Amino acid sequence: MGRIMAIDYGGKRCGIAVTDPMRIIATGLTTVETTTLLNFVVQYAQKEPLDIVVLGIPIRMDGSYSAIVKDIKAFAEKLEKALPDIVIDGVDETLTSQQAVASLVQAGVPKKKRRQKELIDKVSATLILQRYMEEKEI
């Protein structure tokens, strides 16, 4: 059984989270520049068994899609071509950034560290992965 990877896709950088090999625990892995994301995922898949890549889909409160969704779809198409044996899926990422900040506050992370966008992106990716696992009952 391969891991599941979740991506909090952003215009500048992307947060990445993965499951353990048994798909029990979601853990923040890293953040990467958006321009290097495809190479990062392909290289990761060459090193680790990877079955599913989940992309966070930003949906506004009124149900419409955020403008970045077109970039996310374009990335998904490139990823499908590069890794045709891996399932590419999406999950609503509404409010994950706010939830990430709240979880960092609750965990007692100092304010200075909570301002680091990279940390918020990584935690957001973890929340996306947890949401996906709950929705798919993995």
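Miscellaneous remarks
- Short to long, the 5 Å bins of the Cα pair-distance histogram for the chain hold 2, 11, 21, 25, 21, 13, 6, 2, 0 percent of all pairs.
- Rounded to the nearest 5, the antiparallel percentage of DSSP beta bridges internal to segment 7-96 is 60%.
- Placed amide H near residue 9: partners under 5 Å, 5+ positions off or other chain: 56
- Look at the dipole of the chain built from charges on Cβ: of 120, 76, 5, the Cα furthest out on the positive end belongs to 120.
- Calculated FRET value between residue 77 and residue 106, using beta carbons and R₀ = 35 Å, to 0.05: 0.40
- Taking Cα centre as origin and charging only the Cβ of basic (Lys, Arg, +1) and acidic (Asp, Glu, -1) residues, the dipole magnitude of the chain rounds to 760 debye.
- Note on residue 92 and residue 38: the extension gain reaches 17.3 nm, defined as 0.36 nm multiplied by sequence separation minus the Cα-Cα distance.
- Proximity of backbone amide H atoms, modeled 1.01 Å from N, is registered between residue 3 and 50, 51 at under 5 Å, excluding neighbours fewer than 5 places apart on the same chain.
- Sorting 64-73, 36-45 by average packing, meaning the other beta carbons within 10 Å per residue, from highest down gives 36-45, 64-73.
- In the chain, the calculated helix contribution to ellipticity at 222 nm averages -13000 deg cm²/dmol per residue, counting -39,500 (n - 2.57) for every DSSP H run with n ≥ 4.
- For residue 93, the residues 5 or more places off, or on other chains, whose built amide H falls under 5 Å of its own are 57, 59.
- Per residue, the average separation of C-alpha pairs within less than 8 Å and at least 6 apart gives segment 3-135 a relative contact order of 33 percent.
- In straight-distance terms, cross-link reach from residue 122 covers every one of the aspartates and glutamates whose alpha-carbon lies under 17 Å from its own, apart from those fewer than eight places away in the same chain; here that gives 8, 20, 33, 92, 93.
None of the figures in this text is laboratory data; all of them are computed from the coordinates on show. Keep in mind that this is a model prediction, so the values were computed, not measured. Note: ideal-geometry Cβ built from the backbone for every residue, glycine included; neighbour counts use all protein chains shown.
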